[in-house]
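The values are calculated or read from the model by the stated rules, or taken from the named source; none is laboratory data. Source: prediction; values computed, not measured. When we count neighbours, we look across all protein chains shown, and the Cβ atoms used for this are built from the backbone with ideal geometry, even at glycine.
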Amino acid sequence: MSGKTSVETVIVVGAGIMGLSLSWALAKRGVKVRLFDQGPIPNPVSSSFDEHRINRHAYGKLNGYARLMPDAFRAWDALWADLGVRHYEETGGIYVLRHEDDWYDNTTRQLAELGVPCKELSATEVADRLPVLNPDGIFRAVEVGGSGLLFPRRILTDLVVHLTLMGVELNAFTPVQSVDPEAGKITTDKGVEEADKVIVAAGAWISRLVPELDGVAVPSRQAVLYLAPPPTLMKSWQSAPVVVVREKEAGLYCLPPRCGTRLKIGDHRFSLTGNPDEDRMATDDDIAPIWAAMQKAYRNVDDYRIIDPKACFYTVTDDETFRLVQPGARGFAISACSGHGFKLAPLIASGVVQAVLEDRPTAEVATWAAGLEEQPLPLF
Ligand SMILES: Cc1cc2nc3c(=O)[nH]c(=O)nc-3n(C[C@H](O)[C@H](O)[C@H](O)COP(=O)(O)OP(=O)(O)OC[C@H]3O[C@@H](n4cnc5c(N)ncnc54)[C@H](O)[C@@H]3O)c2cc1C
């Protein structure tokens, strides 16, 4: 999609990865974009602002998103080409199953269809590759390709620089108080602003501006621990892939220290509680379940030091799919949907822009963004 559009101006609310990706895709089409954030741009309290995020083809039960992942990787490649730098490190991934479920069979089937390498590891291979793991209680382990680390802080910062070059107007410290999706207007403390279209991409705050998403995109407080492992284990961590340990009562994901990032471990279970205005320091109650799960999954956990316990927020939808809604003729809202909103943002943004610029119906793009459409959309 690169044709002319009759839409000349678009207001984007929220400068996380989704708002920045939308601004990028719109500016590529020659649209005049005005981007608003309640805080600095990028904003350290946004879901998007962190040292690393996982990118991967392996998608367990979410077959629709597995199908979208090759295009999601292509969307990142298009961004790297525009930025002139690649903020991605291929690491591969190891999934360790500590209980039996159908995740393994679904994923191997998906990866075979996508042509992504995937192989089962023996106990000796697991011990060799990941001596930091506790070998007891491992039911199955599988090594996958097509996975690695995205580096969000650098991505967001470079996007901000690039968008400035593209002429996008950046309005930091400008909280949007309300949106009129029928009239294409927003209200800030400086007054009312109007554009041909308005898109709200306000992350965990979205339902405050878009009542249609209240109770649909639920803010969820999630804790992550930045850790200093004992010196004797640091070498193993530095060469480790992304590690996901699937347990009946936990889903620990671990991002190794690479390219200027620290070792990070989080629990994928959704808290479905909390207020995104809360501070970002994890409490003892946030930390306890992660620490307990780590004690089962890893060796010598008591020798690790927590050097930065963080709380973050993302939105969760009941089926973990993105929600695109159009509450008025000139207003749209797009919400991510759990722990996969970062990797898919540039791709989903490229589709949303096709609805906003009236290349295709919103309902069609919403179905695609939810991973329910077999046919891909053209990129940009
Ligand atoms: C701990 C954790 C781990 C994760 N791991 C992964 C992962 O490995 N892989 C992956 O793909 N995804 C992951 N995610 C999910 C991913 O980070 C999010 O889905 C994604 O960053 C959401 O981006 P967003 O732009 O929609 O929201 P945000 O990044 O939150 O951006 C929303 C922006 O809107 C602004 N805003 C809100 N209200 C207003 C207002 N009224 N006026 C103006 N501005 C406003 C906010 O200040 C903010 O800057 C993880 C998330 C967390 C928290």
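Would you point out the residue of the stretch 280-317, among those that are in contact (Cβ under 8 Å) with a residue 40 or more places away in the chain and among the charged types (D, E, K, R), that is nearest to VAL245 (Cα to Cα)?
The qualifying residue nearest to VAL245 (Cα to Cα) is LYS296.
For the subset of the stretch 49-91 comprising residues that are over 22 Å from PRO378 (Cβ atoms) and away from the ligand (no atom under 14 Å from the Cβ), which member is modelled with the lowest pLDDT?
Ranking the qualifying residues of the stretch 49-91, first place goes to LYS61.
Identify all residues within the stretch 249-270 that are among the aromatic types (Phe, Trp, Tyr) and touching a Gly at 6+ places or on another chain (Cβ under 8 Å); write none if there are none.
TYR253
Within 14 Å of the ligand (Cβ to nearest atom) and not aromatic (Phe, Trp, Tyr): does that describe VAL168?
no
Could you list all residues from the stretch 134-165 that are in contact with an Asp or Glu (Cβ under 7 Å, 6 or more places away or on another chain), within 14 Å of the ligand (Cβ to nearest atom) and of a type in the set (Val, Ile, Thr)?
Once the filter is applied, which keeps residues that are in contact with an Asp or Glu (Cβ under 7 Å, 6 or more places away or on another chain), within 14 Å of the ligand (Cβ to nearest atom) and of a type in the set (Val, Ile, Thr), the stretch 134-165 yields nothing.
Using beta carbons and a limit of 6 Å, which pairs, at least six apart or on different chains, have the first residue in the stretch 220-234 and of a type in the set (Phe, Trp, Tyr) and the second one in a helix (DSSP H, G or I) and crowded, with 21+ Cβ neighbours inside 10 Å?
Correct list of pairs: empty, since none qualify.
Mind counting the residues in the stretch 202-236 that are assigned to a loop (DSSP other than H, G, I, E, B), on the phi > 0 side of the Ramachandran plot and near the ligand (Cβ under 9 Å from one of its atoms)?
Going residue by residue through the stretch 202-236, those that are assigned to a loop (DSSP other than H, G, I, E, B) are 202, 210, 214-217, 229-230.
Checking the rest, the ones that are also on the phi > 0 side of the Ramachandran plot come to 215.
Going one step further and asking which of them are near the ligand (Cβ under 9 Å from one of its atoms), we end up with none.
Final tally of qualifying residues: 0.
Check ILE155, ILE138, ILE199 and return the single one that is closer than 21 Å to PRO40 by Cα and either without any contact (Cβ under 8 Å) to a residue 12 or more places away in the chain or outside any strand (DSSP E or B) (or both).
ILE155
Of the residues in the stretch 101-132, how many are touching a Lys or Arg at 6+ places or on another chain (Cβ under 7 Å) and closer than 15 Å to ARG56 by Cβ?
Going through the stretch 101-132 one residue at a time, the tally reaches 3.
Look through the stretch 59-105, keep the residues that are part of a loop (DSSP other than H, G, I, E, B) and under 16 Å from the mean Cα position of the chain (by Cα), and return whichever of them is farthest from LEU130 (Cα to Cα).
LEU62
Please list, ordered by residue number, the strands (runs of 3 or more DSSP E) wholly in the stretch 260-360 having 1 or more residues that are more than 10 Å from the ligand (Cβ to nearest atom), crowded, with 19+ Cβ neighbours inside 10 Å and outside the structural domain of LEU225 (by TED's automatic domain parsing).
Answer list for the stretch 260-360: 323-328, 331-335.
Working carefully through the options SER236, SER207, find the one that is in the same structural domain as GLU51 (by TED's automatic domain parsing) and either more than 24 Å from the chain's Cα centre (by Cα) or modelled with pLDDT of 95 or more (or both). Working first, answer last.
Numbers: SER236 fails: in the same structural domain as GLU51 (by TED's automatic domain parsing).
Sole residue among the options that is in the same structural domain as GLU51 (by TED's automatic domain parsing) and either more than 24 Å from the chain's Cα centre (by Cα) or modelled with pLDDT of 95 or more (or both): SER207.
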